[in-house]
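Here the structure is laid out as structure tokens; the discussion comes afterwards.
The values are calculated or read from the model by the stated rules, or taken from the named source; none is laboratory data. Since the structure is predicted, the reported quantities are computational estimates derived from the model, not experimental observations. Counting neighbours? That spans all protein chains shown, and the Cβs are built from the backbone with ideal geometry, glycine included. Note: areas computed on protein heavy atoms with side chains; ligands, DNA, RNA excluded. Shrake-Rupley method; radii C 1.70, N 1.55, O 1.52, S 1.80 Å.
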Amino acid sequence: MLEKNEIEALTRIIVSSIQQSQERGDGFQVPVGVSNRHIHLTQEDVETLFGQGYQLTKKKELMGGQFASNECCTIVGLKLRAIENVRVLGPVRKATQVEISQTDARKLGISVPVRESGDTAGSAPIAIVGPKGAIYCKEGCIIAARHIHMSPSDAAKCGLGDGDYVSVKMENERGTTFDKVKIRVDESFTLEMHIDTDEANASEIKCGDKVTIIKR
């Protein structure tokens, strides 16, 4: 039978272990969505690219009221280097934005900053070509910063709030840790971490794999 002092010492060890686990966020797993290159357009730019009065048509529902459309365009960088069949996401936005990977940027011959979606001031220029016309954006091309979408209930479960930053770990042969992962909370979000194709390929992660929050 354990003595009183031994029970107290064991209790302290267990409590300390639980607290450290909670501080690190250990055990809270998040599924991953790998984000391929895509385009967000204003309605004006939709009509320039696809014709007057044109409306994007829905191919697949995404979170937060967004959808992958049936429409695709070609994006063009410096020296007329191009990438074809880049998916347009809907609905239309207030500003046109193109999200690509670093590998894409090198192929296009442009220097592209890592930014949060919507933060396009001073970002890279890009041209977009559609079946009915083309547009040139003096800015608007970014590499999307990795982030985690959460509903308020999921955020409450792990004690996190909108705008917080965490680190996450992928437990596979690569054993990759991602730092500076921003938490984005909204009622319309489902739990998912978004990384680009470069990050996914380097860490051998595919859609549906799960990462674990390891530090707040």
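Within the stretch 118-160, the set of residues being touching a Gly at 6+ places or on another chain (Cβ under 7 Å) and under 17 Å from E84 (Cα atoms) comprises I126, K132. State whether the residues of the stretch 136-155 include one that is on the phi > 0 side of the Ramachandran plot and crowded, with 19+ Cβ neighbours inside 10 Å. Within the stretch 136-155 (the criterion being on the phi > 0 side of the Ramachandran plot and crowded, with 19+ Cβ neighbours inside 10 Å), the answer is yes, since at least one residue qualifies. Entry remark, the stretch 166-188: residues being open to solvent by less than 40 Å² (accessible area, probe 1.4 Å) and not in a strand (DSSP E or B) number 3 in total.
Of all residues in the stretch 53-71, those being part of a strand (DSSP E or B), over 24 Å from S151 (Cβ atoms) and not small (G, A, S) number 3. The residue that is surrounded by the fewest Cβ atoms within 10 Å (Cβ to Cβ), counting only those in the stretch 33-54 that are β-branched (V, I, T) and more than 21 Å from the chain's Cα centre (by Cα), is T48. Selection over the stretch 94-107 of residues that are more than 13 Å from T120 (Cα to Cα) and open to solvent by 60 Å² or more (accessible area, probe 1.4 Å) gives a count of 4. Selection of the stretch 77-93 for residues being surrounded by fewer than 21 Cβ atoms within 10 Å (Cβ to Cβ) and either outside any strand (DSSP E or B) or modelled with pLDDT under 95 (or both) yields L78, K79, L80, R81, P91, V92, R93. Taken over the stretch 150-165, the criterion of being part of a strand (DSSP E or B) and out of contact with any Leu (no Cβ under 7 Å at 6 or more places or on another chain) is satisfied by Y165 alone.
Taking (1) buried (at least 20 other Cβ atoms within 10 Å of the Cβ); (2) in a strand (DSSP E or B) in turn, T74 satisfies each apart from (1). Restricting attention to the stretch 111-126, the residues that are under 11 Å from T96 (Cβ atoms) and either of a type in the set (D, E, K, R) or open to solvent by 20 Å² or more (accessible area, probe 1.4 Å) (or both) total 1.
Of the residues making up the stretch 55-67, at least one is open to solvent by 60 Å² or more (accessible area, probe 1.4 Å) and hydrophobic (A, V, I, L, M, F, W, C). Screening I128, I110 for residues that are part of a strand (DSSP E or B) and either among the hydrophobic types (A, V, I, L, M, F, W, C) or touching a Cys at 6+ places or on another chain (Cβ under 9 Å) (or both) leaves exactly one candidate, I128.
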